[in-house]
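*Asks:* Below are the C-alpha cells for one structure; questions will follow.
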Amino acid sequence: MAIGRQTLFLVLYSFLCHSIAFAVILRTTEKSVWANEFESIELTCLIESISTNNPRIEWKKIKNGVPSYVYFQNKISGDLEHRALLREPANLLILNATRSDSAQYRCEVAAIDDQKPFDEILISLAVRVKPVMPRCIVPEAVTVGATTELRCTENEGFPQSQYQWFRNSEELPEDPKTTVKFYNSSYTMNIETGSLKFQAVNKEDAGEYHCQARNEAGSSKCSPQPMEVYDLDIMGIFLKVLGGVAAFIVVTVCICQIQKSGYCSCKDHTETNYKVPQHDNRMDYASPDEGHFRHKSSFVI
C-alpha cells in the first residue's frame, strides 16, 4: 500500500514537472515604470519557461482603453517606429521617451508547441516632464500693514509641480514661525498652488522674490522681481483730504458771489414779451391808403 502511494506521488510529480516545462511563463522586473522625458527606458518581459523555438512575440500600447501595435511581425510600428527596438529575450527599449509615451504596455508571447501556449504581462509607463519656467506675479510696491499675494504657476510639468519661494536668493520656509529670521513675517505659503500671501506686510518683507517649480523630473525658476514696502504716510493723506475740502469750500463761495453779483441769472433776456392785440367791437376797416376819407353814418348819397 505504501509502495502504491509512493508510485502515485512520483507519477503526479512527473506530470506536474512535465506540464510546467511545457508552459509559457513570463515575468517582469517592474510593473509600474517611471521615465524622464527625452531619456531611454526599458520595459522588461522575461521568459522564464518555454519549449517552443521562435515563439511569436508582440507588444501592444494601450492608451485611453484603445490598444495599438508597438511590435508586430518582427518590427516596430506605430508612433514608436524609429524610437524603439526589441532586446533579447522580449524586452522593449524606448529611446527618447516623450510625454505621449505614457500608457500601458502589454507583452504577449505565443508558443504553439507548449501545453500552455500563451502568456502576457501588463506594464504601466509614466513619463515625467520637467517643469517649464513658471509665471511669477510680484507686486512692485505695497504699504506696511497691507494684505498682498504673490503667485506662481506653470502647467507643463508632470507629475504636477510643487512650488517654493525665495527672497534675495534665500529659500523661504513653508511656515515662517519655524525660524527666528522669518518669525515676524505673516505670510502663508501653499506649495501646491504657488501662492505666497502676506496678511500684513512689514518692512522686513521687502526684497527680490522668485519662485521655483519642481517635480521628480527637474526644476525651473522665474527671474527675480523686486517688491518695495513703504510706510503709511498718514500726514500726507490728512493734508490731501484737507486740501480737497478747502478747494471745495473755495469753489462754493465763488459760485455764491457770482450769483449775488448778477452775473448768473436764470432769466433769458433775449426773450421778447408780446401782447395780444385787443380788437374794438366796432367795425373799422379804414386803411392808411384811404387817407382821411371815411364812411360815416351821417353821409348821405
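*Asks:* Considering only residues of region 122-147 that are in a strand (DSSP E or B) and touching a Ser or Thr at 6+ places or on another chain (Cβ under 7 Å), which is surrounded by the most Cβ atoms within 10 Å (Cβ to Cβ)? Full working, then the answer.
*Replies:* Start the filter on region 122-147 by keeping residues that are in a strand (DSSP E or B), which leaves 122-129, 135-137, 141-143.
Checking the rest, the ones that are also touching a Ser or Thr at 6+ places or on another chain (Cβ under 7 Å) come to 123-127, 135, 142.
Numbers: 123: 20, 124: 15, 125: 20, 126: 16, 127: 22, 135: 14, 142: 17.
Here the answer is 127.
*Asks:* Let me ask something else about it. Could you list, in sequence order, all residues of region 191-215 that are under 29 Å from residue 37 (Cβ atoms) and either among the basic types (Lys, Arg) or exposed (fewer than 13 other Cβ atoms within 10 Å of the Cβ) (or both)?
*Replies:* 192, 193, 214
*Asks:* Please pick out the residue among 57, 123, 137 that is among the β-branched types (Val, Ile, Thr) and more than 33 Å from the chain's Cα centre (by Cα).
*Replies:* Working: 123 fails: more than 33 Å from the chain's Cα centre (by Cα); 137 fails: more than 33 Å from the chain's Cα centre (by Cα).
It is 57.
*Asks:* Could you list, in sequence order, the residues of region 52-72 that are more than 13 Å from residue 125 (Cβ to Cβ) and either surrounded by 15 or more Cβ atoms within 10 Å (Cβ to Cβ) or hydrophobic (A, V, I, L, M, F, W, C) (or both)? Outline the logic, then answer.
*Replies:* If we filter region 52-72 for residues that are more than 13 Å from residue 125 (Cβ to Cβ), which is where we start, we get 52-58, 64-69, 71-72.
If the condition is that a residue be more than 13 Å from residue 125 (Cβ to Cβ) and either surrounded by 15 or more Cβ atoms within 10 Å (Cβ to Cβ) or hydrophobic (A, V, I, L, M, F, W, C) (or both), then 52, 55, 56, 57, 58, 66, 69, 71, 72 are the ones that fit.
*Asks:* Same structure again: Between 123, 137, 191, which is touching a Lys or Arg at 6+ places or on another chain (Cβ under 6 Å) and more than 30 Å from residue 44 (Cβ to Cβ)? Give the steps one after another, and end with the answer.
*Replies:* Values: 123 fails: more than 30 Å from residue 44 (Cβ to Cβ); 191 fails: touching a Lys or Arg at 6+ places or on another chain (Cβ under 6 Å).
Only one candidate passes the filter, namely 137.
*Asks:* Give me a count of the residues in region 159-192 that are outside any helix (DSSP H, G or I) and free of Cβ contacts under 8 Å to residues at least 40 places away in the same chain. Show your work before the answer.
*Replies:* Taking region 159-192 and keeping what is outside any helix (DSSP H, G or I), we get 159-175, 179-192.
Cutting the leftovers down to free of Cβ contacts under 8 Å to residues at least 40 places away in the same chain gives us 170-175, 179-192.
The total comes to 20.
*Asks:* Can you tell me which of (1) farther than 30 Å from residue 46 by Cβ; (2) in the same structural domain as residue 52 (by TED's automatic domain parsing) is the one residue 200 doesn't meet?
*Replies:* (2)
*Asks:* Mind listing just one residue for me: the one in region 84-114 that is of a type in the set (D, E, K, R) and either closer than 26 Å to residue 160 by Cβ or modelled with pLDDT under 90 (or both) and, of those, surrounded by the fewest Cβ atoms within 10 Å (Cβ to Cβ)?
*Replies:* First, pick out the residues of region 84-114 that are of a type in the set (D, E, K, R): 87-88, 99, 101, 106, 108, 113-114.
Now drop any that are not either closer than 26 Å to residue 160 by Cβ or modelled with pLDDT under 90 (or both), which leaves 88, 99, 101, 113-114.
Details: 88: 6, 99: 12, 101: 22, 113: 13, 114: 21.
Once the filter is applied, the top-ranked residue is 88.
The values are calculated or read from the model by the stated rules, or taken from the named source; none is laboratory data. Bear in mind that the values here come from a model prediction, so they are computed numbers and not experimental data. Reconstructed Cβ throughout: ideal geometry from the backbone, glycine too, with neighbour counts over all protein chains shown.
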